[in-house]
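The values are calculated or read from the model by the stated rules, or taken from the named source; none is laboratory data. This is a predicted model, so every value here is computed, not measured. Neighbour counts run over all protein chains shown; Cβ positions are idealised from the backbone, glycine included. With ligands, DNA and RNA removed, areas are computed over all heavy atoms of the protein, side chains included. Shrake-Rupley method; radii C 1.70, N 1.55, O 1.52, S 1.80 Å.
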Amino acid sequence: IVPVSQILHIGSKPMNPKLPIAEFAGILPEIILYDRVLTHEEQIRVSSYLAVKYGITLSEPEATYLSSDGSHIWEGADYPAFHNNIAGIGRDDSSGLFQKLSSSSNNPGLLSIITKDSMVNGGFLLWGDNNLPLSEEEQNPGSPILLQKKWFVVATNMPAPLTTELTIDTRQIDVELSDKSVIWLAIDRTGKGKFRVENLEFVKMTSLDKKGFAHFTNITWNKSSSGKEAFGFIAGQELLVTTKINTPDCKVGNNGSFEVKVWG
C-alpha cells in the first residue's frame with residue numbers, strides 16, 4: 001500500500017491566546033501509538049522500554065522497570081539510594097530492543113558501558129548511582145579513598161557473566177589530577193554496596209585517551225549469585241595499598257596480625 005502522509009497533533013490549541021504557550025522546539029525521537037487504553041502494567045512496560053533505550057530515569061524512587069514479558073529488571077524500592085541517573089543495556093526481541101551501549105541522558109558521557117557479547121533475549125544489565133558528587137569521601141581505615149559517587153548494578157536473566165568496557169570522563173572528577181594520576185575501579189561483588197575493603201576488587205584503568213576518558217576493558221558483571229554488584233572509583237597512583245588489622249587480645253593470648261595488600 002502506498003504510504004499516506006499523516007500529521008499527528010499532540011495537545012490542543014489554547015482557548016485563551018494570552019496563555020504563555022509556544023511550539024515545542026525540541027526533538028521527539030520516538031512516538032508510540034495504541035488503538036486502546038493500556039493497562040497500568042502495560043504502561044510500565046512501555047515506559048521501561050523507553051527509559052532503557054534513551055537512558056531516562058523513571059521519576060518515582062519506588063519505580064519498577066519491566067521487560068516486555070513483565071519480568072522485573074529493576075526494583076527501585078529495593079535500592080532507593082541508587083535510583084538516580086539510571087541507564088542499561090539489554091535485549092528484548094518483542095519490543096525490538098537490542099541496546100549494547102548506554103549512558104544516562106541526565107549526564108551523557110560521564111559513564112558509559114558497552115558490551116560486544118551476545119545477549120540472550122530478556123537479558124538486561126541496569127545501573128544507577130547514589131547522586132553524590134565526584135569528590136573524595138572520608139577515608140576508611142585500611143582502604144584507599146573512594147569517590148563519593150557510586151553505582152549499583154543489577155543483572156537479570158543472564159545465564160553467564162557479561163564482559164563489558166566501561167568509560168568515565170575524568171574531567172568531571174572533582175579531584176586535582178596530575179600526569180601520574182591513575183583511575184582505579186573498585187567493585188563490590190557482595191550486592192550490598194557497603195564497599196568494605198575486604199570485599200573490594202580493584203581494577204586499574206586500561207588507558208586514558210586524549211579527551212580525558214578513562215577506559216576499563218574486560219570488566220565482567222553478573223559474577224555474584226544475586227546478580228547485584230556495586231562499583232566506585234579511586235583517583236590514585238600506580239600502586240594501591242590496603243591494610244587489615246586484627247587487634248591483639250590479651251585474654252586469650254592472641255598477638256594480633258597486620259595484613260598488607262599491594263595492588264598494581
| request: Using DSSP to define loop residues, name the GluC sites (Glu not before Pro) in the range 167-264 whose beta-carbon has at most 14 other beta-carbon atoms within 10 Å. | output: Glu176, Glu238
| task | Using DSSP to define loop residues, name the chymotrypsin sites (Phe, Trp or Tyr not before Pro) in the range 23-117 whose beta-carbon has at most 12 other beta-carbon atoms within 10 Å. | result | Phe24, Tyr34
| GluC sites (Glu not before Pro) lying in DSSP loop within the range 56-154, provided at most 12 other Cβ fall within 10 Å | Glu62, Glu138
| said: Angle check, please: helix 40-54 long axis (alpha carbons) against the longest principal axis of the chain (alpha carbons), in degrees 0 to 90, nearest 10. | reply: 70 degrees
| Ranked order, Asp249, Asp188 - accessible area, probe 1.4 Å, largest first | Asp249, Asp188
| note | Computed over the range 68-136, the Cα gyration tensor eigenvalues, each multiplied by 5 and square-rooted, give semi-axes in Å (largest first) of 23, 16, 9
| Where the range 85-159 is the region considered: accessible area per residue in Å², 1.4 Å probe | 42 Å²
| field | Counted charge near Thr217, where neighbours are those whose Cβ lies closer than 12 Å (Asp, Glu -1; Lys, Arg +1) | value | +1
| message | Longer than 23 Å from Cα to Cα, which of Lys150/Lys210; Lys150/Lys228; Lys100/Lys192; Lys192/Lys244; Lys150/Lys192 are they? Say none if no pair is. | response | Lys150/Lys210; Lys100/Lys192
| note | A chain fully extended from Ser105 to Val260 at 0.36 nm per residue, minus the present Cα-Cα distance, gains in nm 51.7 nm
| MRE, 222 nm, helices only [DSSP H, n ≥ 4, -39500 (n - 2.57), over the chain, to nearest 500] | -2000 deg cm²/dmol
